[in-house]
Amino acid sequence: MGFTWRLVGRTLSMAARRLCHRPPRAMPESACCTIALAGNPNTGKSTVFNALTGLGQHTGNWPGKTVAVAEGFCTHREVTYRIVDLPGTYSLLATSPEEEVARDFICFGAAAATVVVTDATCLERNLNLVLQVMEMTQKVVVCLNLIDEAKRKGISVDAGRLSSELGVPVVPTVARAGQGLRNLMDAVEGVACGHLVASPLRVTYTPEIEALVADLEPRLASIVAEVVPGISPRWVALRLLDGDGALVEAISERRSQKRTLDARLRRRAHPVAARNGIPA
Ligand SMILES: Nc1nc2c(ncn2[C@@H]2O[C@H](COP(=O)(O)OP(=O)(O)OP(=O)(O)O)[C@@H](O)[C@H]2O)c(=O)[nH]1
Ligand SMILES: [Mg+2]
């Protein structure tokens, strides 16, 4: 179910959607939430990651894969974020170990926001992944990197227009010079805290696919909300139609693990509640 630029172009020219601003709801001081950095190879993800996290990074292989994932911490406006630098991928269809790791992290990593780092000199190619991430989750920020290179090549990108077309924040940066990173973290904070509510542009498929999705999506909604909150049931329905057995297995495995854990916690909480006079 790949995308073509024609589809992207047609979808982008549909009615622009607006970001909805809600009154700021402060995060508790020193709270730590996870932010994923995704993007095509060579778009500057690690440069953004290094500029944000500085020292104290940790790099390790993803369990069971020889794919490196780096993590570090960044404090912005008194909130500490765990930043995870994902491997570069052109898509999230899980056809390579890198795609699988990036896809699984966005799906199961409980990230408060995913930043998609894009190359402003070849945006067309990068928007494919942006749309795929937006299909998975609403909590997306687009980092429009390599703005200096784009300028050098005579390319200018209207970040405001792109943001209203996509329905998610778009922040221009020159990561190598550290430019725009404060704005990027402001947008991340807005999306992670929930005071910047994105309404990502939705790709519409053929009527046959849409009819199947309309049937599956409501039936998946409660399982998805229980096991992978924040992930779109529409995206899970599309993966089911794509025959993605590994994803279905991963979701059902996590569901049974969660239920076992919940039952154990209830059993442990029961005597404590009884001692404190709280009915079970
Ligand atoms: N001119 C310019 N170069 C940049 C910018 N950001 C990153 N680079 C350069 O782009 C190259 C690739 O940067 P990386 O940070 O390694 O890219 P990446 O996305 O992590 O690459 P992979 O991990 O291989 O997918 C490096 O040479 C960076 O110095 C920028 O804003 N402007
Ligand atoms: Mg890198």
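Laid out as a table, the results:
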| quantity | calculated |
| --- | --- |
| Surrounding net charge for Leu52, when Lys and Arg each add one and Asp and Glu each subtract one, Cβ distance under 12 Å | +1 |
| Sequence of Arg255, Arg264 once ranked by neighbouring C-beta atoms within 10 Å, starting from the fewest | Arg264, Arg255 |
| At q = 0.21, 0.25 Å⁻¹, base-10 log of I(q)/I(0) for the range 31-117 (Debye sum, equal scatterers on each alpha carbon) | -0.98, -1.34 |
| Neighbour-count ranking [beta-carbon atoms within 10 angstrom, fewest first] of Cys122, Cys107, Cys74, Cys143 | Cys122, Cys74, Cys107, Cys143 |
| Charge sum, other residues only, whose C-beta stays under 14 Å from Glu210's C-beta, Lys/Arg counted +1 and Asp/Glu -1 | -2 |
| Globularity index of the range 163-219, i.e. its alpha-carbon radius of gyration over 2.2 N^0.38 Å | 1.64 |
| The range 130-280 - Rg over Rh from alpha carbon coordinates, Kirkwood radius | 1.13 |
| Counted charge near Gly39, where neighbours are those whose Cβ lies closer than 13 Å (Asp, Glu -1; Lys, Arg +1) | -2 |
| Alpha-carbon Debye profile of the range 207-275, log10 I(q)/I(0) at 0.16, 0.21 Å⁻¹ | -0.62, -0.86 |
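Each reported figure results from applying straightforward, stated rules to the coordinates on display, with no laboratory input. Computed from a predicted structure; not experimentally measured. Cβ coordinates were reconstructed from backbone atoms using ideal geometry, including for glycine residues, and neighbour counts include every protein chain displayed.
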